[in-house]
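Structure, as structure tokens:
The values are calculated or read from the model by the stated rules, or taken from the named source; none is laboratory data. Computed from a prediction, not measured in an experiment: that's the story for all the values here. Methodologically, a virtual Cβ is constructed for each residue, glycine included, from the backbone with ideal geometry; neighbour enumeration extends over all protein chains shown. Areas reflect the complete protein model, heavy atoms only, side chains present, ligands, DNA and RNA absent. Shrake-Rupley method; radii C 1.70, N 1.55, O 1.52, S 1.80 Å.
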Amino acid sequence: MAVKSLEKVYDPAAVERRWSEYWIEEGLTRADVKKDAEPFSMVIPPPNITGTLHLGHALNVTLQDILARYRRMEGRDVLWLPGIDHAGIATQNVVERRLAAEGTDRHALGRERFVERVWRWKEESGGTIINQLKRLGASCDWSRLRFTMDEGLSRAVREVFARLYGEGLIYRGDYIINWCPRCLTALSDLEVQAEETAGKLWYMEYPLRDGPDGRTGVASLVVATTRPETMLGDTAVAVNPADERFRGVVGRTVRLPLAGRDIPVVADESVDMEFGTGAVKITPAHDFNDFETAKRHGLDMIRIMDERGVMNENAGAYAGLDRFEARERVVADLEALGLLRRVEDHRLMLGSCYRCHTVVEPTLSKQWFVKVAPLAAPAVEAVEKGRTRFIPRNWENLYFDWMRNIRDWCISRQIWWGHRIPAWYCAACDHVTVAARDPDRCERCGCAEIRQDEDVLDTWFSSALWPFSTLGWPERTEELRRYYPTSVLSTSFDIIFFWVARMMMMGLKFMGEVPFRHVYIHALIRDAEGRKMSKSRGNVIDPLVMMEKYGTDALRFTLAVLAAQGRDIKLAEERIEGYRNFCNKLWNLARFTLMNVDAAAAGGGAEYGRAERWVKTRLGRCRDDVASAIDAYRFDDAAKALYRFVWHELCDWYVELVKPDLRGERGDERQRAASAALVSVLGDTLKLLHPFMPFITEEIWSYLPGSRGPLMTAALPRCDERWEDDAAAMDRVMDVIRAVRNVRTEMNIRPTAELDCTCLAADAAAREVLAECEPFIRRLARVGRLTVAASGDRPSDAVSVVTSDIEVLVRLGGLVDVEKETKRLEREIGKVGGELAGVEKKLANRSFLEKAPAEVVEKEKNRLEELRARREKLASALRRIEGLGG
């Protein structure tokens, strides 16, 4: 009975959409709380509704999908919960840009209509990235799709806020915060991107109010600053109490230039005596350290800028100037007064908004904060005791460092899109009512005239609740009981602080348990030279374009095979193209199988020969390697094990070994055995490959004789049949074939020439295997005559190659011009030696090693190893040919 045949060429576009829709429509990706199986759960890091699929998404979703599909095929009840994030600042910026293009803005619309407009935009565009994730093959439970501002999550957010406020862990107060003059909102420390940059250090003179110091004769203090414009808000000059240079001026006052105010000189141990002159200006309303100093000394705090970074009325004559324009004016005026001593180049850390990249302004402001120290301590302990484990483990150190030095979290944002803070202010008594549900009157005095806080919560506040709010909390749902804590979180290192740590704190606080057992931190994708991808460099690889060009499976497999723990991924389009070839190899293997077996033969019943027992044993080893690698989150090792088995063992060896058997040249029994083994091994291989390459494997599976149901729901292969002795015996045979092939290549012998070979083996079992497998050796090594013996003479025209316990003698008489071949090899060795000397010289040059980019140095080191290996191979061939006639 004939088997259905595949199309000649694999067309990903025709296959991927069909299977993606099928899996979802048939409910194959759904979790089942009533299923009698061990649960496995993950929550997807929710992408922003403003986003489109980029390589970071593609990598993380691919790795998560590998886990989900693999565990599902293990028989686990898998919940992979999808969702999207409302992304407060980013989304508001997108909609505001659209309004600007229409000639209006949010203030013209008013808050209610603006929020309605954002919701409308979300409905129109928010599903873009979800559809792209589905196209990537993400087998999430799409029936449980959540949004950080849907009704259930909004309830959880308000409940958490109210409880933390009731326990004194949320408070409102005046505090120095990071402010973005472009987004017009507060930012948490983690939303500020700090980057070292070139700046200046200005040395400014502040005259002592009552004249020179009597002991030292000092008439003024010189302070050094990177921000001269903020001097207009200075309320003190500070020196270290241990600094002998300033002992006589502590407690006195100085005249603040340009502002005309007198400010005190205070002693504070926080002052670095090595910075500048040792005397520093204190601007409490615009510097974090100065704010703390001012609190210790009871100093005034004067804001000199408005929310847009423009100097306000407290800046006197500089009011109305942009902060950077004011800097130029202040410097010029100080210089005109003779109070600018000098200016030096200085490297400094400059903070900018993570969304719009505007330089942030530390600003005194009334904001809402979470008191995090009581929440952080249990989260540190949970990782210390192994209740949650980071993979790779080195990320735990970064987690500990941040958690042990954490500051209170500013959670209020001055925008309109987001979870509005559930706090109401009473017009009669100024009391603040905080409640999970909207109150109709003040809880203290009963006045009905109350107004809700205008601010919204930081986006990460709702995201911190994601592992349990998405499962129905604060209700004790079946999903919550079954799937919390989740099994693993896969994410990138840059949001360990933003998200992972906060989920740990909130999960322990409100569930009494960690939110996930494992945290897998995936690599960062760079270009082929190791550089960060950016539009300005023009080196960005668009995953959507790659999927269109090479197919989704090729992209997925490439990302998996490169996802080594602890190493950034260097990605080039050529790598994706290369693994597209692997997809084609698998497709051609399947076509070959379907064209060369029939359903009856594939049903089995015949006794396996050595080749079948070998390939089945190799498949079992591959299955074990994949299982152990996935358990350890070594996705690259799992993918490489599958690649090796499919390309080198199944295709290069087994298929080549049994082609005559499949054609019936060695009888019906061998034909049935080879056919049954090939179909069985291909089916099991598809199962192992499916989590990595879901589309092509599902398509091939649907054509395979004996397949039942979709591959996605098939069980992983057991691979219990192992014939290790037979596998070792076949390995001997393959060593002999390789030895003969190597001699043919090294000696430049034409491919069609049949060789005369002798195999000398002292072990009787080895001789028996070689004799039994003579047809394999003769056909695959193109050997005309094969002699197997325990010992024997070595002909003068033979070269010798020794494998593990067999000596292979290949006669070259009449096939090789010894003199000509010797000269060719010597020339090749000389050429390689010259190249090798050049690389060695370059790598011995200290200047090259210090100045060249790391990726260039690494490339030269790899070239060095390749040239050394090439030289040794040529030298080996030369030694063999020189031995002829000896």
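Of note:
- Of everything listed in (1) touching a Leu at 6+ places or on another chain (Cβ under 8 Å); (2) without any contact (Cβ under 8 Å) to a residue 40 or more places away in the chain; (3) of a type in the set (Ser, Thr, Tyr), the single unmet condition for SER707 is (1).
- The sole residue among ARG618, ARG623, ARG663, ARG672 that is farther than 30 Å from ARG782 by Cβ, open to solvent by 40 Å² or more (accessible area, probe 1.4 Å) and in contact (Cβ under 8 Å) with a residue 24 or more places away in the chain is ARG623.
- Residues that are open to solvent by 30 Å² or more (accessible area, probe 1.4 Å) and in a strand (DSSP E or B), drawn from segment 783-806: ARG785, THR787, VAL788, SER800, VAL802
- Taken as a whole, the structure leaves THR752 outside the set of residues that are surrounded by 18 or more Cβ atoms within 10 Å (Cβ to Cβ), in contact (Cβ under 8 Å) with a residue 12 or more places away in the chain and hydroxyl-bearing (Ser, Thr, Tyr).
- Filter result (in contact with a strand residue (DSSP E or B) (Cβ under 8 Å, 6 or more places away or on another chain), part of a loop (DSSP other than H, G, I, E, B) and closer than 23 Å to TRP647 by Cα) within segment 543-601: ALA563, ALA572
- The set of residues in segment 297-318 that are basic (Lys, Arg) and surrounded by 15 or more Cβ atoms within 10 Å (Cβ to Cβ) contains only ARG303.
- One residue stands out among those in segment 410-452 that are without any contact (Cβ under 8 Å) to a residue 60 or more places away in the chain and within 41 Å of the chain's Cα centre (by Cα): the one that is farthest from CYS353 (Cα to Cα), which is ASP438.
- Checked against the criterion of being among the aromatic types (Phe, Trp, Tyr), touching a strand residue (DSSP E or B) at 6+ places or on another chain (Cβ under 6 Å) and touching a residue at least 12 places away in the same chain (Cβ under 8 Å), the candidates PHE369, PHE400 yield just one match: PHE369.
- A single entry from MET149, MET204, MET231 fulfils the requirement of being of a type in the set (A, V, I, L, M), open to solvent by 10 Å² or more (accessible area, probe 1.4 Å) and in contact (Cβ under 8 Å) with a residue 12 or more places away in the chain: MET149.
- Filtered by the rule that a residue be part of a loop (DSSP other than H, G, I, E, B), open to solvent by less than 30 Å² (accessible area, probe 1.4 Å) and not aliphatic (A, V, I, L, M), segment 402-437 gives TRP417, GLY418, HIS419, PRO422.
- Residues of segment 814-829 classified as out of contact with any Lys or Arg (no Cβ under 9 Å at 6 or more places or on another chain) and open to solvent by 50 Å² or more (accessible area, probe 1.4 Å), total: 9
- Tallying residues that are among the hydrophobic types (A, V, I, L, M, F, W, C), surrounded by fewer than 23 Cβ atoms within 10 Å (Cβ to Cβ) and touching a Gly at 6+ places or on another chain (Cβ under 8 Å) within segment 246-265 yields 3.
- Among residues of segment 720-741, those that are within 20 Å of LEU809 (Cβ to Cβ) and open to solvent by 50 Å² or more (accessible area, probe 1.4 Å), counted: 4
- Per this entry, THR477 is not counted among residues that are crowded, with 22+ Cβ neighbours inside 10 Å, closer than 19 Å to GLY83 by Cβ and not acidic (Asp, Glu).
- None of LEU884, LEU849 is modelled with pLDDT under 80, open to solvent by 30 Å² or more (accessible area, probe 1.4 Å), more than 24 Å from ARG732 (Cα to Cα) and in contact with a helix residue (DSSP H, G or I) (Cβ under 7 Å, 6 or more places away or on another chain) except LEU884.
- The lone criterion from (1) open to solvent by less than 50 Å² (accessible area, probe 1.4 Å); (2) in contact (Cβ under 8 Å) with a residue 60 or more places away in the chain; (3) in a helix (DSSP H, G or I) left unmet by ALA138 is number (3).
- Segment 158-187, residues that are assigned to a loop (DSSP other than H, G, I, E, B) and out of contact with any helix residue (DSSP H, G or I) (no Cβ under 7 Å at 6 or more places or on another chain): GLU167, GLY168, PRO181, ARG182, LEU184
- Any hit, segment 694-705, residues being over 19 Å from SER20 (Cα atoms), part of a loop (DSSP other than H, G, I, E, B) and either of a type outside the set (S, T, N, Q) or open to solvent by less than 30 Å² (accessible area, probe 1.4 Å) (or both): yes
- Qualifying residue in segment 51-70 (condition: modelled with pLDDT of 90 or more, open to solvent by less than 40 Å² (accessible area, probe 1.4 Å) and closer than 17 Å to PHE147 by Cα): no
- Considering the conditions (1) surrounded by fewer than 16 Cβ atoms within 10 Å (Cβ to Cβ); (2) under 25 Å from PRO228 (Cα atoms); (3) free of Cβ contacts under 8 Å to residues at least 40 places away in the same chain, LEU321 is excluded by exactly one of them, (1).
- Which numbered condition LEU79 misses (of (1) within 26 Å of the chain's Cα centre (by Cα); (2) open to solvent by 30 Å² or more (accessible area, probe 1.4 Å)): (2)
- Cβ-Cβ distances below 9 Å connect the following pairs, each with a first residue in segment 774-794 that is more than 14 Å from LEU755 (Cα to Cα), a second residue that is hydroxyl-bearing (Ser, Thr, Tyr) and open to solvent by 40 Å² or more (accessible area, probe 1.4 Å), and a separation of six or more residues or different chains: ARG794/SER800.
- Within segment 755-782, the residues that satisfy the criterion of being assigned to a loop (DSSP other than H, G, I, E, B) and either open to solvent by less than 50 Å² (accessible area, probe 1.4 Å) or of a type in the set (A, V, I, L, M) (or both) are ALA761, ALA762, CYS773, ALA781.
- Search result, residues across segment 359-397 that are in contact with a Gly (Cβ under 8 Å, 6 or more places away or on another chain) and part of a strand (DSSP E or B): VAL359, GLU361, LYS366, GLN367, PHE369
- Qualifying residues in segment 324-357 (those that are part of a helix (DSSP H, G or I) and open to solvent by 70 Å² or more (accessible area, probe 1.4 Å)) - the one farthest from GLY51 (Cα to Cα): ALA336
- Cross-chain or 6+ apart pairs with Cβ under 9 Å, segment 234-246 first and over 13 Å from LEU221 (Cα atoms), then of a type in the set (S, T, N, Q): ASP234/THR283; THR235/THR283; ASN240/SER270
- Candidates in segment 90-108 are the residues that are open to solvent by 10 Å² or more (accessible area, probe 1.4 Å) and among the hydrophobic types (A, V, I, L, M, F, W, C); of these, the one that is nearest to PHE40 (Cα to Cα) is ALA90.
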